[in-house]
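I have a structure here, written as C-alpha cells, and I will follow up with some questions on it.
The values are calculated or read from the model by the stated rules, or taken from the named source; none is laboratory data. What you are looking at is a predicted structure, and each value in this text was computed from that prediction instead of being measured. As a convention, Cβ positions derive from the backbone with ideal geometry for all residues, glycine included, and neighbour counts pool all protein chains shown. All accessible areas refer to the heavy atoms of the entire protein, side chains included, with ligands and DNA or RNA removed. Shrake-Rupley method; radii C 1.70, N 1.55, O 1.52, S 1.80 Å.
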Amino acid sequence: MKIFRVCGLALLSFTTTLTAFANMSVIYGEDNRLDLNEHPLMTLKQMGSAVAAQIETKKIVPTSESGFQTVLGQKLVNFGICEKERFSHQISAMRCSGFMVDKDLLVTSGQCVQNMDDCKLYSWIFDYKLQSTNDSAVKFKQDQVYTCKQIVARAYDPSTKEDYAVIRVDREIIGRLPLKFRRKDTIDNNAKLFTIGTSLGLPLKISDNGTVVSNQPEKYFVTNLDTYGGAAGAPVINEETLEVEGIYISGE
C-alpha cells in the first residue's frame, strides 16, 4: 500500500477515510498499480474481464453518445487529493469489487452485500476500465451491467476475518470466463500475487508484484499488494497458477 497526500478538505464520507490514509505509515516499496489497459501482460488483462465493479444502480446514467452509459461521481482531486497524485483526475464512484466464478455467480466481500437491500440497490459492471489513461470516466453498454438476484451464501466475522459473499446475478454472464480458485491446501509462503479491483472506487486497476507477508492465520493471509478502500471483494490471484487464492477484504 502507498500513502498519498490530501490537499485541503476531503469531502463527504471520504473525509475520515482519506485523512486516515494520509496519516498512515505503511509503505510497500513502489506503487505498482496500473490501469487495466496499461498492463503489458495480455493474460492478466483478459482475467480482468471477469472482475466487476459494484455501484448504486441510481448512479448509472446515459451519456450523450447513443447506447452508452456512465456513472455519477467525482474526481479524486475534488475529494481533496493532490492533483499531482496518481489517478487524481479519475472518477471515484465504485463501492466494491467482485469476480465471476460461474455462469451466473459472483464472489465478493461479505461487507459489500450485507442483505437483500444491498442486493437490490446495487449493480455490477464488467469491463469497468478506461480506454486511455487520459480519460477520467468510463463508458459502457447496458449489456455489461448485471443486478443481484439472490444471495447464495455469505459470512462476515471481523474477529476471524471470515468475509465473503456469493451472489447470483439476474442472467447468465455472456462472453467471459470465470476465474478458477484454489480448492485444497493453502497458498505457498513464497507465492507471487496480483489483484484486480476498483481501488479507491476508481476504474479497474491491476496491482502486481505482491508476496505473502504472513500465512499463519487459519482463514486468511496477509500480502503487500498496493490496494486501498473500494477494492474489497477483489480477487487475489497467484501469478504462477493464475488461480484465485483469496478475496481482498481490508488493509493495514
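Can you compute 3J(HN,Hα) from phi for each residue in region 183-191, using the Karplus curve 6.51 cos²θ - 1.76 cosθ + 1.60 with θ = phi - 60°, rounded to whole Hz and x for Gly and Pro?
Coupling constants for region 183-191: 10, 8, 6, 10, 5, 6, 4, 9, 5 Hz.
Turning to a different aspect of this structure: In terms of modelled amide H atoms, which long-range or inter-chain residues lie less than 5 Å from the amide H of Val213?
Long-range HN contacts for Val213: Val222, Thr223, Asn224.
While we're here: Take the chain, connect every pair of alpha-carbon atoms lying under 10 Å apart with a spring to form a Gaussian network, then pick out the residue of Ser64, Ser132, Ser88 with the largest mean-square fluctuation.
Of Ser64, Ser132, Ser88, the Gaussian network model singles out Ser64 as fluctuating most.
Please report the carbon-and-sulfur percent of the accessible area for the chain; probe 1.4 Å, protein heavy atoms only, DNA, RNA and ligands left out.
Accessible surface attributable to carbon and sulfur in the chain totals 49 percent.
At 222 nm, what value in deg cm²/dmol follows for the chain if DSSP H runs of at least 4 each add -39500 (n - 2.57) and the sum is divided by all its residues, to the nearest 500?
So the helix-based figure for the chain works out to -2000 deg cm²/dmol.
With the other protein chains left in place, how much accessible area per residue, in square angstrom, belongs to the chain at a 1.4 angstrom probe?
50 Å²
Please give every one of the lysines within straight-line cross-link reach of Lys141, meaning a C-alpha to C-alpha distance under 21 Å, and leave out same-chain neighbours fewer than 8 residues apart.
Answer for Lys141, where 21 Å is the Cα cut-off: Lys45, Lys58, Lys59, Lys103, Lys120, Lys129, Lys149, Lys205, listed by chain and number.
Could you compute the net charge surrounding Asp35? Neighbours are other residues with a C-beta less than 12 Å from the C-beta of Asp35; K and R count +1, D and E count -1.
Local net charge: +3.
I would also like to ask the following. Give me the net charge for the shell around Tyr220: Cβ to Cβ below 12 angstrom, other residues only, Lys and Arg +1, Asp and Glu -1.
Summing Lys and Arg as +1 and Asp and Glu as -1 gives -3.
Taking a ≥ b ≥ c as the square roots of the eigenvalues of the Cα gyration tensor of region 57-164, is the shape rounded (a/c under 1.5), prolate (a/b larger than b/c) or oblate?
Cα axes put region 57-164 in the oblate bin.
If you don't mind, another one. Name the most mobile residue of Glu65, Glu240, Glu56, meaning the one with the largest mean-square fluctuation, in a Gaussian network model of the chain with Cα contacts below 10 Å.
Among Glu65, Glu240, Glu56, the largest GNM mean-square fluctuation belongs to Glu65.
Further question on the same structure: Read phi for every residue in region 81-86 and hand back ³J(HN,Hα) as whole Hz from Karplus 6.51 cos²θ - 1.76 cosθ + 1.60, θ = phi - 60°, with x for Gly and Pro.
Those phi angles translate into 6, 4, 4, 7, 6, 4 Hz.
In whole percent, what relative contact order does the chain give with Cα contacts below 8 Å and a gap of six or more residues?
Answer for the chain is 22 percent.
Please turn the phi angles of region 192-197 into ³J(HN,Hα) values with the Karplus equation 6.51 cos²θ - 1.76 cosθ + 1.60 (θ = phi - 60°), one per residue in order, whole Hz, x for glycine and proline.
9, 10, 9, 9, 10, x
Run the numbers for Thr241 and Thr147: contour at 0.36 nm per residue of separation, minus the present Cα-Cα distance, in nm.
Additional length available on full extension: 30.8 nm.
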